[in-house]
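The structure appears right after this line, and notes come after that.
The values are calculated or read from the model by the stated rules, or taken from the named source; none is laboratory data. Computed from a predicted structure; not experimentally measured. With ideal geometry, Cβ positions are generated from the backbone for all residues, glycine too; neighbour counts draw on all protein chains shown.
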Amino acid sequence: MIALLTLNARYIHSAFGLRYLAANLRAADLGLDAQIHEFTTNSAPEEVIEALAAHGPPRIIGLGVYIWNASATAALLPRLRAAFPDASLVLGGPEVSHELESQAWTAEADYIVQGEGDAAFVHLCARIAKGQRPLTRVIAGGQPELAQLASPYPLYTDKDLAHRILYVEASRGCPYRCEFCLSSLDKKVRAFDLEALLDDFEDLLARGAKHFKFVDRTFNLDLARSRAILEFFLARFVPGMFLHFEMVPDRFPLELRDLVRQFPAGALQFEVGIQSFDPEVGRRIQRRQNIERTLENLRFLVEETGVHVHADLIAGLPGEGLESFAAGFDRLVATGVHEIQVGILKRLRGTPIARHSEDFEMVFDAAPPYTIRSTRDLDAPTMVRIEAFARVWELYRNRGHFPSSMPRLLAGPSPFAAVMAFADWHLAQTGRLHGLSLNDRARLLMRFLHEQRGVPLPELRAEIEADLVATGHKPPRDLREGPRKGAMPDAPSGPDIPARQARHLRARRELEVGPDAKPNDSTA
């Protein structure tokens, strides 16, 4: 038996790579059953070992290693060796595909497959099954012909479709050379056969799949393909369908604009990587983009479509200081995008970003996820403040729980300065930014706006109570002055989109039609 194993960050995630391996192993018919075993980074080693042992001692154990599970996998590996001494332990995945010499823990493994393992892992298993041990321990995965790979999509179970994120891909690779990203190492973009791909999607839809998350780095790079895929889903749209794409932000021609306008509000989510608005920083890390066109495209998406826009900025890039990052954040807020992911730079193994470490005094954590701790332009205390800022922004703005009261916080010449002031105050009051309930956050936001901004308490109580009621929560007693009528309506009916996107959509609709609008109004 071949046990395919990984530790996901959360249960809701599905291991896309393992399904590729299992599909191609079964297509090869090696005479060994391939079974997928998914756990989380919080799973105890005993739980993993018991699950594998329940199917009999595995002959081969393949482990997918990523930045989020490297430490947990390193702790698990010797336990697997002790429990299954006759099994061949094989590591694969991005985390072990580069800089292997600095990862002593991988010595416990018999083999390591670097790069894309869809075909290379199958060849390795075939040799092991025949008793023909490879001469080399480290095996290059290469870039297999996509047309020759077996489809992973039939391996999504009904339980996966009902409870997990469904990952799909139309292409691999990226033409850009952004130095913080592993995709910058790819030589070219390779596309899957479109007809076969759409057949797979048709099968998934017939089985009840509604949420599709495309992992392509540049979905709108090939406009003809992206249009064909969007048209496919639009023609088959049903309430509850939700599609996620990563988009090139400055590439959005009229034919694509006309198409996305036709999707119901909340059905599409576009993730757009801005990373930095500083042209010099962009050139330094080979992140080239037309900034004005990007801003115009974002405004179009927010103002003229129902697309949920999730935009990314990265703090800690070489040569970008606090003032530049703050200015970029404020420009992005002004576009009205629904969520801004404030990421802290990570030094992914193998990425060229490390070449700037000496010139820009970049100090990274030695352990995963290799977070930047200081640079020449952002000292360590400032980086701590930015991390707190990012956490506060995620808790209070991105999650969409406070659509009425957050505009008060952001009012003024600089939303960044306003949120940073709140983050500094928040940390001073609580000493922590994790483990806070929604009611805790509601009280803290009310206190800050009253004590630091002078907003009258009755107004704040009314707004925050309405926000909590609208998102299905009972306000704490110290926020209420008794039962209220006319609270904001629940998230609109219709497409069963994810909760946080639904909250943003509800807030947008109420701004357009007022708090008394019914979910079945023509605007819903």
Tell me, please, whether a residue that is surrounded by fewer than 17 Cβ atoms within 10 Å (Cβ to Cβ), closer than 19 Å to residue 443 by Cβ and either outside the structural domain of residue 71 (by TED's automatic domain parsing) or in contact (Cβ under 8 Å) with a residue 60 or more places away in the chain (or both) can be found in the stretch 377-400. yes
Go over the candidates 74, 87, 70, 53 one by one and state the one that is of a type outside the set (Lys, Arg) and loosely packed, with under 15 Cβ neighbours inside 10 Å. 53
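Suppose we filter 187, 213 for residues that are surrounded by fewer than 16 Cβ atoms within 10 Å (Cβ to Cβ) and either part of a loop (DSSP other than H, G, I, E, B) or within 21 Å of the chain's Cα centre (by Cα) (or both); which single one remains?
On the way: 213 fails: surrounded by fewer than 16 Cβ atoms within 10 Å (Cβ to Cβ).
Within the list 187, 213, the selection yields 187.
Any residue at all in the stretch 304-316 that's charged (D, E, K, R) and closer than 15 Å to residue 333 by Cα? Outline the logic, then answer.
We begin by selecting, within the stretch 304-316, every residue charged (D, E, K, R); these are 304, 312.
Of the ones still in play, those that are also closer than 15 Å to residue 333 by Cα are 312.
Yes - at least one qualifying residue is present in the stretch 304-316.
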Among the listed residues 303, 361, 320, which satisfies the condition of being surrounded by fewer than 16 Cβ atoms within 10 Å (Cβ to Cβ), at negative phi and out of contact with any Cys (no Cβ under 8 Å at 6 or more places or on another chain)? 303
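Inside the stretch 191-204, can you point out the residues that are part of a helix (DSSP H, G or I) and touching a strand residue (DSSP E or B) at 6+ places or on another chain (Cβ under 9 Å)? Before the answer, list the steps.
Here is the first cut: in the stretch 191-204, the residues part of a helix (DSSP H, G or I) are 194-204.
197, 200, 201, 204 - these are the residues of the stretch 191-204 that are part of a helix (DSSP H, G or I) and touching a strand residue (DSSP E or B) at 6+ places or on another chain (Cβ under 9 Å).
Tell me, please, whether a residue that is closer than 27 Å to residue 172 by Cβ and either acidic (Asp, Glu) or assigned by TED's automatic domain parsing to the domain that holds residue 353 (or both) can be found in the stretch 113-136. Even if it seems obvious, please write down each step before you answer.
Let us first name the residues in the stretch 113-136 that are closer than 27 Å to residue 172 by Cβ, namely 113-128, 134, 136.
Filter again for either acidic (Asp, Glu) or assigned by TED's automatic domain parsing to the domain that holds residue 353 (or both), leaving 116, 118.
Scanning the stretch 113-136, I find at least one residue that is closer than 27 Å to residue 172 by Cβ and either acidic (Asp, Glu) or assigned by TED's automatic domain parsing to the domain that holds residue 353 (or both), so the answer is yes.
Here's the yes/no breakdown for (1) in contact with an Asp or Glu (Cβ under 8 Å, 6 or more places away or on another chain); (2) touching a residue at least 40 places away in the same chain (Cβ under 8 Å); (3) under 19 Å from residue 160 (Cα atoms):
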residue	(1), (2), (3)
18	yes, yes, yes
22	no, yes, yes
27	no, yes, no
33	no, no, no
39	yes, no, yes
42	no, no, no
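Quick check on residue 361: is it out of contact with any Gly (no Cβ under 8 Å at 6 or more places or on another chain), modelled with pLDDT of 95 or more and charged (D, E, K, R)?
Working: out of contact with any Gly (no Cβ under 8 Å at 6 or more places or on another chain): yes; modelled with pLDDT of 95 or more: yes; charged (D, E, K, R): yes.
It is true that residue 361 is out of contact with any Gly (no Cβ under 8 Å at 6 or more places or on another chain), modelled with pLDDT of 95 or more and charged (D, E, K, R).
For the stretch 371-423: of the residues being polar (S, T, N, Q) and at pLDDT 95 or above, which is nearest to residue 348 (Cα to Cα)?
Filtering the stretch 371-423 down to residues polar (S, T, N, Q) leaves 371, 374-375, 382, 398, 404-405, 414.
Those left that are additionally at pLDDT 95 or above: 371, 374-375, 382, 398, 414.
Values: 371: 9, 374: 16, 375: 17, 382: 22, 398: 25, 414: 32 Å.
So, considering only residues that are polar (S, T, N, Q) and at pLDDT 95 or above, the one nearest to residue 348 (Cα to Cα) is 371.
Has the stretch 95-109 got at least one residue that is of a type in the set (D, E, K, R), buried (at least 18 other Cβ atoms within 10 Å of the Cβ) and either at pLDDT 95 or above or farther than 25 Å from residue 370 by Cα (or both)? Can you show your working first?
From the stretch 95-109, those of a type in the set (D, E, K, R) are 95, 99, 101, 108; that's our starting set.
Those still in the list that are buried (at least 18 other Cβ atoms within 10 Å of the Cβ) too: 95.
Cutting the leftovers down to either at pLDDT 95 or above or farther than 25 Å from residue 370 by Cα (or both) gives us 95.
Checked the stretch 95-109: at least one residue is of a type in the set (D, E, K, R), buried (at least 18 other Cβ atoms within 10 Å of the Cβ) and either at pLDDT 95 or above or farther than 25 Å from residue 370 by Cα (or both).
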Just checking, does the stretch 284-295 include any residue being among the polar types (S, T, N, Q), in contact (Cβ under 8 Å) with a residue 24 or more places away in the chain and either crowded, with 16+ Cβ neighbours inside 10 Å or in contact with a His (Cβ under 7 Å, 6 or more places away or on another chain) (or both)? yes
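Okay, residues lined up against (1) over 29 Å from the mean Cα position of the chain (by Cα); (2) free of Cβ contacts under 8 Å to residues at least 24 places away in the same chain; (3) more than 27 Å from residue 216 (Cβ to Cβ):
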residue	(1), (2), (3)
112	no, no, no
127	yes, yes, yes
131	yes, yes, yes
136	yes, yes, yes
154	no, no, no
159	no, yes, no
171	no, no, no
Could you list all residues from the stretch 349-375 that are over 26 Å from residue 176 (Cα atoms) and either assigned to a loop (DSSP other than H, G, I, E, B) or aliphatic (A, V, I, L, M) (or both)? 365, 366, 367
Which members of the stretch 217-244 meet the condition of being assigned to a loop (DSSP other than H, G, I, E, B), at pLDDT 95 or above and surrounded by 19 or more Cβ atoms within 10 Å (Cβ to Cβ)? 241
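Evaluate the following for residue 62: is it touching a residue at least 12 places away in the same chain (Cβ under 8 Å) and either part of a strand (DSSP E or B) or touching a Lys or Arg at 6+ places or on another chain (Cβ under 9 Å) (or both)? Walk me through how you get there before you give the answer.
Details: touching a residue at least 12 places away in the same chain (Cβ under 8 Å): yes; either part of a strand (DSSP E or B) or touching a Lys or Arg at 6+ places or on another chain (Cβ under 9 Å) (or both): yes.
Taking the combined requirement at face value, the residue satisfies it.
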Say whether the condition of being over 16 Å from residue 406 (Cα atoms), part of a loop (DSSP other than H, G, I, E, B) and modelled with pLDDT under 50 is met by at least one residue in the stretch 471-481. yes
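Only one of 15, 51 is of a type outside the set (D, E, K, R) and either in contact with a helix residue (DSSP H, G or I) (Cβ under 6 Å, 6 or more places away or on another chain) or under 29 Å from residue 185 (Cα atoms) (or both). Can you tell me which? Walk me through how you get there before you give the answer.
Details: 51 fails: either in contact with a helix residue (DSSP H, G or I) (Cβ under 6 Å, 6 or more places away or on another chain) or under 29 Å from residue 185 (Cα atoms) (or both).
That would be 15, the only listed residue that is of a type outside the set (D, E, K, R) and either in contact with a helix residue (DSSP H, G or I) (Cβ under 6 Å, 6 or more places away or on another chain) or under 29 Å from residue 185 (Cα atoms) (or both).
Identify all residues within the stretch 343-369 that are acidic (Asp, Glu) and more than 18 Å from residue 105 (Cβ to Cβ); write none if there are none.
Initial filter on the stretch 343-369 (acidic (Asp, Glu)): 358-359, 361, 365.
Within the stretch 343-369, 358, 359, 361 meet the criteria.
In the stretch 1-24, which residues are closer than 27 Å to residue 130 by Cα and either within 28 Å of the chain's Cα centre (by Cα) or not aliphatic (A, V, I, L, M) (or both)? Steps first, please.
As a first pass, look at the stretch 1-24 and keep what is closer than 27 Å to residue 130 by Cα: 1-6, 17-24.
The answer is 3, 4, 5, 6, 17, 18, 19, 20, 21, 22, 23, 24.
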Do we have any residue at all in the stretch 326-348 that's in contact with a Pro (Cβ under 8 Å, 6 or more places away or on another chain) and not in a helix (DSSP H, G or I)? yes
Of all residues making up the stretch 116-137, the number that are of a type in the set (A, V, I, L, M, F, W, C) and loosely packed, with under 13 Cβ neighbours inside 10 Å: 1
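Might you let me know whether the stretch 423-433 holds any residue that is basic (Lys, Arg) and either in the same structural domain as residue 321 (by TED's automatic domain parsing) or surrounded by 15 or more Cβ atoms within 10 Å (Cβ to Cβ) (or both)? Lay out the reasoning, then the answer.
First, pick out the residues of the stretch 423-433 that are basic (Lys, Arg): 432.
With either in the same structural domain as residue 321 (by TED's automatic domain parsing) or surrounded by 15 or more Cβ atoms within 10 Å (Cβ to Cβ) (or both) added as a condition, the list becomes none.
No; the residues of the stretch 423-433 include none that is basic (Lys, Arg) and either in the same structural domain as residue 321 (by TED's automatic domain parsing) or surrounded by 15 or more Cβ atoms within 10 Å (Cβ to Cβ) (or both).
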